[in-house]
Amino acid sequence: MEKKACAKCNKEKNLTEYHKQGSGLRADCKECLKANKKKYYQENAEKIKARAKKYREENLEELKAYGKKYYQENLEELKAKHKKYRQENAEEVKAYNKKYRQENAEKLKAYNKKYYQDNPEKVKKYREENAEEIKARMKKWREENSEKIKAYNKKYREENLEEIKAREKK
């Protein structure tokens, strides 16, 4: 196998350790190039970030169109990749989702309310097709959160005592 000396570190390395450039190879090896780029970024981070931000702002529509096209052309591959990630990082994903739901409870509540109002047929169809699964999930949730349910009911009874007594008299 042919070898070449790096212009930066002066080590002799296989040709596979060099990036192609034009019709030949770069003078510095991949390792030195990576180190050089890292050093440059550390020294010029603000300038690089500003340039990238300016580019995104000036080319927003083109970037959105490209992203949408890429997503559509690679949908199955992306779905598989995301599924694999979620499986391999289940605990982190679960923690992130829990935190997000807690921080955005009102936003999600409003979104769900609007969705249920706008799509009653879809909601009804889903509930009919998945009745057993929903029932099992609800039963499991009630078993796991029995203390939470008891506390909620106690608080509700305390706050609505007069109304409850009035209903019982009827």
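Observations on the model:
- Where a residue in segment 1-12 is free of Cβ contacts under 8 Å to residues at least 12 places away in the same chain and its partner, wherever it lies, is of a type in the set (A, V, I, L, M) and open to solvent by less than 70 Å² (accessible area, probe 1.4 Å), with Cβ under 8 Å and at least six apart: GLU12/ALA5
- Residue count, segment 81-109 (criterion: of a type in the set (A, V, I, L, M) and surrounded by 11 or more Cβ atoms within 10 Å (Cβ to Cβ)): 3
- Taken over segment 96-110, the residue count meeting the criterion of being assigned to a helix (DSSP H, G or I), more than 12 Å from the chain's Cα centre (by Cα) and not acidic (Asp, Glu) is 9.
- Sole residue being farther than 30 Å from ARG56 by Cα and open to solvent by 60 Å² or more (accessible area, probe 1.4 Å), chosen from GLU132, GLU73: GLU132
- Annotation note: Cβ proximity below 9 Å between a residue of segment 33-47 that is among the aromatic types (Phe, Trp, Tyr) and a residue that is at pLDDT 95 or above and open to solvent by less than 60 Å² (accessible area, probe 1.4 Å) (sequence gap 6+ or interchain) occurs for TYR40/ILE48; TYR41/ILE48.
- Looking across segment 9-41, the residues that are surrounded by 14 or more Cβ atoms within 10 Å (Cβ to Cβ) and part of a loop (DSSP other than H, G, I, E, B) come down to TYR18, ARG26, ALA27, ASP28, CYS29.
- Flag not set for LYS170, criterion: out of contact with any Lys or Arg (no Cβ under 9 Å at 6 or more places or on another chain), surrounded by 10 or more Cβ atoms within 10 Å (Cβ to Cβ) and not hydroxyl-bearing (Ser, Thr, Tyr).
The values are calculated or read from the model by the stated rules, or taken from the named source; none is laboratory data. Quantities reported herein were computed from a predicted structural model and do not represent experimental measurements. Here Cβ is always computed from backbone atoms with ideal geometry, including for glycine, and neighbour counts include all displayed protein chains. Side chains included, ligands, DNA and RNA excluded: accessible areas come from the protein's heavy atoms. Shrake-Rupley method; radii C 1.70, N 1.55, O 1.52, S 1.80 Å.
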